[in-house]
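K.L.:
Got a structure here, written out as structure tokens. Questions coming.
The values are calculated or read from the model by the stated rules, or taken from the named source; none is laboratory data. Every value quoted in this text rests on a predicted model; they were computed, and no experiment measured them. In this analysis, Cβ positions are derived from the backbone assuming ideal geometry, glycine residues included, and neighbour counts consider all displayed protein chains. With ligands, DNA and RNA removed, areas are computed over all heavy atoms of the protein, side chains included. Shrake-Rupley method; radii C 1.70, N 1.55, O 1.52, S 1.80 Å.
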Amino acid sequence: MKAILFGASGMVGQGVLRECLLDPEVESILSIGRNTLPETAAKLHQIQLPSDFSSIEPELTGYDACFFVLGVSSAGMSEADYTRITYDLTLAAAETLARVNPGMTFTYVSGAGTDSSEKGSTMWARVKGRTENALLRLPFKAAYMFRPGFIQPLHGIQSKTRLYSIVYTLSASLTPILRKLFPSHITTTEQLGKAMLQVAKHGYPKPILEMPDITSLA
């Protein structure tokens, strides 16, 4: 399997990248992001996130799967600014990939509480719901929306968002206990990465995966 990964420098992206590098069935990984990754591996290739995806179309062809985990926190952002990153950028990439790789499986990480109606009172949930709905309409072989809840970073992975990083550090000792008590609300970067790989390889009966789906796949 040849895969494209958007957002590999983020917390979730680091988890997905780790599982891709460890998986012998993943032949090559193309990382597309704003930052250069420190990892070096024979099957890892990197290009900078472009302003126009048509400029790199030849480099995007021939891939079987895309893991799109690039995103930002909505804290302090206007809906217009959050939409430009969460919806506009995602769809620009996805529309290009659907055109050049119609046999691709596209996986996208949104979050628990995403609003499929696009009409709720929570801004980020509306925008994420609109993004999910638009992705599911594209002519991919298949598209899957992942909605994790709390994600525990493992294997030295850290969040780039300062507030999240502090929360994860403070809760680290309690998280294993909470995972046993509330398995439907907490996952790990390792579990999420493994679940996304499983779906890319073998599909899943439904397009939107909530926490119980992610846990069972991992």
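K.L.:
Across the chain, how many lysine pairs separated by 8 or more positions, or lying on different chains, have Cα atoms within less than 15 Å? Intermediate results must be reported in sequence, preceding the final value.
P.N.:
Numbers: Lys2/Lys43; Lys2/Lys141; Lys2/Lys201; Lys119/Lys128; Lys141/Lys201; Lys141/Lys206.
Value for the chain: 6.
K.L.:
Through the Karplus equation 6.51 cos²θ - 1.76 cosθ + 1.60, θ set to phi - 60°, convert the phi angles of region 73-86 into ³J(HN,Hα) values in whole Hz; use x for Gly and Pro.
P.N.:
6, 7, 4, x, 9, 6, 4, 5, 5, 5, 5, 4, 7, 6
K.L.:
At a 1.4 Å probe radius, carbon and sulfur cover how many percent of the accessible area of the chain? Intermediate values should be presented prior to the final figure.
P.N.:
Working: 5570 of 10260 Å².
Exposed carbon and sulfur together represent 54 percent of the surface.
K.L.:
Please report, in debye to the nearest 20, how large the charge dipole of region 35-155 is about its Cα centre when each Lys and Arg carries +1 at its beta carbon and each Asp and Glu carries -1 there.
P.N.:
Values: 10 positive and 12 negative charges, 71 e Å.
So the dipole magnitude of region 35-155 works out to roughly 340 debye.
K.L.:
Right, next: For the chain, give the magnitude of the charge dipole about the Cα centre (Cβ charges: +1 Lys/Arg, -1 Asp/Glu; no others), in debye to the nearest 20.
P.N.:
Details: 20 positive and 19 negative charges, 91 e Å.
Approximately 440 debye in magnitude.
K.L.:
Another question, if that's okay. Give me the accessible area per residue for the chain, probe 1.4 Å, as a whole number in Å². Show your work: numbers first, answer last.
P.N.:
Working: 10260 Å² over 218 residues.
Using a 1.4 Å probe on heavy atoms only, each residue of the chain averages 47 Å².
K.L.:
For Lys206 paired with Ala134, estimate the spin-label separation in nm (one decimal), with each label point 7 Å from Cα along the Cα-to-Cβ line.
P.N.:
2.5
K.L.:
Nothing charged except the Cβ atoms of Lys and Arg (+1) and of Asp and Glu (-1): what's the magnitude of the dipole of region 31-79 about its Cα centre? Round to the nearest 20 debye. Display every interim value, and only then the final one.
P.N.:
Details: 2 positive and 6 negative charges, 37 e Å.
Magnitude of the dipole: close to 180 debye.
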